[in-house]
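Have a look at the structure below, then the notes.
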Amino acid sequence: MKSPLIGKFVIVRCHNAGVHAGVLVDNDGREAIIKDSRRLWYWKPANGKKFLDGVSVAGLDESSKVSCVVACRHLTETCEFILCTDEAAESIRSAREDVNR
């Protein structure tokens, strides 16, 4: 069964690879491919929300630290996919890259 999230901007939690955000291209069991991916090194939800659910709804606080955009990323050992609102997706896409990583 294909995921209903394919083609949508999502946050992906992985067992060993951390937290990523991007457009879900494919998902097979615990593996996923996302495009226009950003790693969320340190994330804090905007507007006082809580947890990754808050990031998926309100986006990132300015203090969050994210990577550059990677065209395509193959993730293994995924454990959670969270659909983002348009507001959250834009916040993650436009977040300033943390050049210290």
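What follows draws every value from the coordinates through simple rules; no lab data is involved. Since this is a predicted model, take the numbers as computed values, not measurements. Every residue, glycine among them, receives a Cβ derived from its backbone with ideal geometry; neighbour counts consider all protein chains shown.
Worth pointing out:
- Trypsin sites (Lys or Arg not before Pro) within the range 13-54: DSSP coil, no more than 16 neighbouring Cβ in 10 Å: ARG30, LYS50
- The distance between label points at SER3 and HIS74 comes to 1.6 nm (points 7 Å beyond Cα on the Cα→Cβ vector).
- With both residues required to sit in the chain, DSSP beta bridges show an antiparallel share near 95%.
- Residue among ILE82, ILE34, ILE11 with the largest mean-square fluctuation in a Gaussian network model of the chain, springs linking Cα atoms under 10 Å: ILE82
- Alpha-carbon radius of gyration plus Dmax, which is the widest Cα pair, for the range 9-94 in Å: 11.6, 34
- The range 30-55 residues near the modelled HIS15 label - backbone nitrogen below 18 Å, point 7 Å along Cα→Cβ: 30-33
- Put in order of Cβ neighbour count within 10 Å, fewest first, the listed residues VAL69, VAL12, VAL25 become VAL69, VAL25, VAL12.
- Of all lysines in the structure, the ones whose alpha carbon falls short of 29 Å from that of LYS50, not counting any fewer than 8 places away in one chain, are LYS8, LYS35, LYS65.
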